[in-house]
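Following: one structure in structure tokens, then a few remarks.
Quick note: the coordinates plus some simple rules give every number you see, no bench work behind them. Quick caveat: nothing in here was measured; it's all calculated off a predicted structure. With ideal geometry, Cβ positions are generated from the backbone for all residues, glycine too; neighbour counts draw on all protein chains shown.
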Amino acid sequence: MPIPFDFDFKRPDYLKVFDWRLERLNRIRRDPEMLVDLKAYYREDIAQFIIDWGSTSDPRNAERNLPTVIPFLLFKRQEEWIKWVIGCWRNQRAALTDKSREMGVSWLSVALASSMAVLMDRVEIGFGSRKEEYVDKRGDPKSILYKSRQYISLLPVEFRAGFDARKNSPHMRILIPDTGSVISGEAGNNIGRGDRKSIYFLDEAAHILQPEEVEKSLASTTNCPVYISTPNGMNNPFARKRHGGKIEVFTMHWREDPRKDDAWYKRACERIDDPVVIAQELDLDYNASVEGVVIPSAWVQAAVDAHIALCIEPTGIRRLGLDVADEGSDKNGAIGRHGILIELVDLWSGVDSDIYRTVMRAFEICDAEGYHNVRYDADGLGAGVRGDARVENQRRKVRSIKEISFTAHRGSAAVVNPTEEVFERDLNDSVKGRTNEDYFENFKAQSWWALRKRFLKTFRAVRKGMPFHPDEIISISSTIDNYQKLVNELSQAVYTLSKNGKLMIEKTPDGGRSPNLADAAVIAFAPEAVRRSIFV
């Protein structure tokens, strides 16, 4: 069971946790026979074992008069990660985690591996990194196996499985006597060249010097490689795997850490003082160094809960933007909009589905959330939405159920308001005097650019305190499911110029997957034709 009291990660009371653990440990020592059943339970719930008995260290706590060795209490996202990795391991699947800086994933992987080793018989766990000193260096707390030795040594003796750091931990290896399990390390070109492994953690995988060679070695070493890294651009195997759609992905973003908030982010940005590093290592922007990103990551981050930061109560249109998937690995994406606020992000597979089921799900979302209109991608497979929606609305009309209007969005179509002038001041040059039809290649480009302008105005209002019109910005609620996936996708598209000098949008510049949620957001906020009244 979780700890029986609320724990404040920003103002931690570690003594209360230690007292709670001591009381439980005394009960075990009074009745040691319960250990058999307790260990069997922990083998099925490693996360709970870490919460109950795991410890970590943070030397920065000394400056706050806190203990430097502290209970390893997992916050929600960390607990989910442990269970996710265990699921991938049991199902013999590769796993990839991209993470913000200072999310504690290295310690988390150490705690998972060490807990498996002391609880499970004969598991062989590998760790690899680009330098040997990162894997194992005596006396260096930043090395992975140093952390593992420390973690196991800090467990109650009942859970150490006979481990003695002086006897059972030669260089690059940790041996667990009672279970026969082994944790070993490798570095550089030797990664994956040792014995077969039950599971293998590859730390900072985007920074490996010869990733193709490592990939070949790992393919024959383990059925469950776990790739962990902060982004390092798109030109590496880690990024290609991350966006290729063929491997399970788990994102650990700083906004999901209860210890961090916008004030922490601001301080981190001041320390780093490099916009590319900030975008990559904090905001998980793989395109940070790519030219021509339509919506830079910094603008997207500024829009998270912007309605709260700017004290705006969302009002206005309630609409669902729908990007329709095929029946393969692609996914349907839906964005719910209330005025300037994105308040719903939904994503579901197109496998074993069809357009009719997608349409019916859109109706269900609208009924549940009170949306009056669905805008859908009518290019390609989405063309079939119109007929299915018409049939369902006829049925609803007969049963006196509220009808939902469906409006086609065709990115391939011509721009709306073609003779309206474009005034862009955020490019290197002014385009004053050019019209929409002269500036944009098609409606897709115009729609992405309209969303870009919302994010730019939001960034200026939130980060720079510039004046703004409350109808012209955008906000993304941080309380909704999948919002981080939307945030990650919004900075993927880049813009280029056609042979005729018109602006075009490339949504998958490096061959990644189509950004379905970002597409749905573009559709939900796409500009509309201005209707002017004519008086005679």
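Points to keep in mind about this one:
- Euclidean distance between Cα centres, the stretch 104-173 to the stretch 193-255, Å: 20
- Spin-label model distance (nm) - ASP6 vs ILE308, 7 Å beyond Cα toward Cβ: 1.6
- Net charge of the neighbourhood of LEU96, taken over other residues with C-beta under 9 Å away and scored Lys/Arg +1, Asp/Glu -1, is 0.
- Cross-link pairs beyond the 24 Å C-alpha cut-off, checked among LYS241/LYS507; LYS16/LYS260; LYS83/LYS485; LYS83/LYS131; LYS16/LYS83: LYS83/LYS131; LYS16/LYS83
- Rg to Rh, two decimals, where the stretch 221-292 supplies the alpha carbon set and Rh follows Kirkwood: 1.02
- In summary, the lysines within cross-link reach of LYS502, defined as a Cα separation below 18 angstrom excluding same-chain residues under 8 places away, comprise LYS432, LYS444, LYS453.
- Gain on full extension, evaluated as 0.36 nm per residue between GLU472 and LYS131 minus their Cα-Cα distance, stands at 117.9 nm.
- Within the shell defined by Cβ-Cβ distances under 9 Å, the residues around ILE401 carry a net charge of +3, with Lys and Arg each +1 and Asp and Glu each -1.
- With a simple spin-label model that places each label point 7 Å from the Cα along the Cα-to-Cβ direction, the separation between THR68 and ASP37 comes to 4.1 nm.
- Helical contribution to [θ] at 222 nm, DSSP H n ≥ 4, -39,500 (n - 2.57), averaged over the chain, rounded to 500: -10500 deg cm²/dmol
- Label assignment, mean projected area of the Cα convex hull in nm² derived from the structure, set (i) 25.0; (ii) 30.6; (iii) 31.9: (ii)
- Label zone at ARG60 (point 7 Å along Cα-to-Cβ), backbone N below 17 Å, the stretch 93-114: 99-108
- Relative protection proxy for 179-189, 299-309, from highest mean packing down: 299-309, 179-189 (other beta-carbon atoms within 10 angstrom).
- From phi via Karplus (6.51, -1.76, 1.60), per-residue ³J(HN,Hα) for the stretch 86-91 in Hz, x at Gly/Pro: 4, x, 5, 5, 5, 9
- Placing a label point 7 Å from the Cα of ILE247 along the Cα-to-Cβ direction, the residues of the stretch 129-149 with a backbone N closer than 17 Å are 129-130.
- Relative intensity, log₁₀ I(q)/I(0), of the stretch 290-524 from a Debye sum that treats every alpha carbon as a point, q = 0.08, 0.13, 0.17 Å⁻¹: -0.30, -0.80, -1.33
- Given +1 at the Cβ of Lys and Arg, -1 at the Cβ of Asp and Glu and no other charges, the dipole of the stretch 74-263 around its Cα centre is 120 debye to the nearest 20.
- Here ASP195 and SER153 are evaluated by their C-beta separation; at R0 = 22 Å the FRET efficiency comes out at 0.30.
- Packing-based order for 251-259, 153-161, using average beta carbon neighbours within 10 Å, highest first: 251-259, 153-161
- Computed from the Cβ-Cβ distance with R0 of 60 Å, the FRET efficiency linking MET504 to ASP19 stands at 0.45.
- Counted charge near HIS171, where neighbours are those whose Cβ lies closer than 13 Å (Asp, Glu -1; Lys, Arg +1): -1
- Rg ratio (alpha-carbon, reference 2.2 N^0.38 Å) - the stretch 74-263: 0.98
- Amide H contacts for PHE127 (H built 1.01 Å from N in the peptide plane; partners 5 or more residues away or on another chain; cut-off under 5 Å): SER184, GLY185, GLU186, PHE201.
- Taking the inverse of the mean 1/r over every pair of distinct Cα atoms in the stretch 1-155 gives a Kirkwood hydrodynamic radius of 16.8 Å.
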